[in-house]
Every structure is written in C-alpha cells, then in structure tokens.
Amino acid sequence: MKRNWLILLALILLITVPPALTGYNHLKKAESATPESSRDYELAAKILFWRPELYEKAGLAAAEGDPQRAIGLLRLARQKGQLSPAGRAALGEAYFASGADANAISEWESLLNEGQETGRIGPRLA
C-alpha cells in the first residue's frame with residue numbers, strides 16, 4: 001500500500017514539475033527585458049496559471065512595439081481581474097496607437113472618473 005502511494009507521488013511530480021520549471025524559466029527570461037519579453041511573460045502566464053498578473057506584464061511589454069498584441073493581452077488581464085490603473089492607461093494608449101480613439105478615450109475617462117488617474121491621462125484627454 002505504501003509503495004503504491006510513493007509511485008503515485010512520483011508520477012504526480014513527474015507530470016507537474018517540468019512544466020512549472022519551464023514556466024519559471026520563461027518568467028526569468030521575460031524579466032531580463034529582451035525584445036521577446038512579452039512572449040515570455042505570456043508563455044509563463046499560460047503555464048503558471050496561478051499567476052494571471054503576468055498577462056498584464058506581457059501586455060505592457062508589448063505596448064510599445066505591437067499595440068494590437070498589447071490590447072489582446074491587457075484585455076485578457078482585465079478578464080482575469082488583474083488589470084491595474086497603469087495597465088488600463090497602457091490599454092488606452094494601445095487603443096489610441098491602433099486608431100481606436102473612441103475606445104482609448106473611454107478607457108481614460110473611466111480611469112479619470114474613478115479617481116485612478118496616473119498623470120498621463122489628463123494630457124491625453126486634453
């Protein structure tokens with residue numbers, strides 16, 4: 001009986017540990033601020049499902065070079081309840097950069113109305 005439990009424990013470890021190590025490896029690479037950081041944060045978020053805040057980091061990393069990708073990732077972070085005011089401001093910026101001005105204004109105005117203005121929003125709305 002004890003042997004069966006040890007075998008079961010060994011199988012569980014063999015199934016769960018390698019993916020977790022892969023996820024943490026992607027996270028470590030993402031934190032080194034490379035051009036692939038957004039992709040690495042996203043992969044880490046998918047593998048390390050208990051770390052949904054990584055979707056926001058992926059979106060923020062994508063915001064400068066790929067606004068469409070940033071929009072998708074930041075919206076996913078919002079769905080998971082992990083979008084901070086800075087992430088919401090960046091989502092507005094990504095909307096604006098991709099030509100969705102109405103969405104950008106709506107995002108920024110909601111931040112302003114909620115008193116979560118980050119200092120970048122006022123000038124953008126003006």
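The values are calculated or read from the model by the stated rules, or taken from the named source; none is laboratory data. All figures in this text were calculated on a predicted structure; none of them were measured in a lab. Backbone-built Cβ (ideal geometry, glycine too); neighbour counts: all protein chains shown. All accessible areas refer to the heavy atoms of the entire protein, side chains included, with ligands and DNA or RNA removed. Shrake-Rupley method; radii C 1.70, N 1.55, O 1.52, S 1.80 Å.
Between residue 50 and residue 101, full extension at 0.36 nm per residue minus the direct alpha carbon distance yields a gain of 15.0 nm. Against the chain, whose longest principal axis is taken from its Cα atoms, helix 2-30 shows a tilt of about 30°.
Taking all protein chains together and rolling a 1.4 Å probe, residue 110 ends up with roughly 40 Å² accessible. Extending 7 Å from Cα along the Cβ direction at residue 5 and again at residue 78 yields two label points whose distance is 4.9 nm. A 1.4 Å probe run over the range 42-101, with the rest of the protein chains in place, finds 48 Å² accessible per residue. Computed from the C-alpha gyration tensor, the three semi-axes of the ellipsoid equivalent to the range 5-112 are 33, 14, 9 Å, from longest to shortest.
May I ask you to list the lysines whose Cα is less than 18 Å away from that of residue 57, ignoring any residue fewer than eight positions away on the same chain? Of all the lysines, those that pass the test against residue 57 - Cα under 18 Å, at least 8 places apart if same chain - are 28, 29, 46, 80.
Site pair residue 68 and residue 116 shows an inter-label distance of 2.7 nm when each label is modelled 7 Å from Cα along Cα→Cβ.
Between helix 101-113 and the chain there is an angle of about 80 degrees, using the helix long axis and the longest principal axis of the Cα atoms. Computed over the range 82-126, the quotient of the alpha carbon radius of gyration and 2.2 N^0.38 Å is 0.99.
Computed in the context of the full set of protein chains, the accessible area of the range 16-126 at 1.4 Å probe radius has 53% of its extent on carbon or sulfur.
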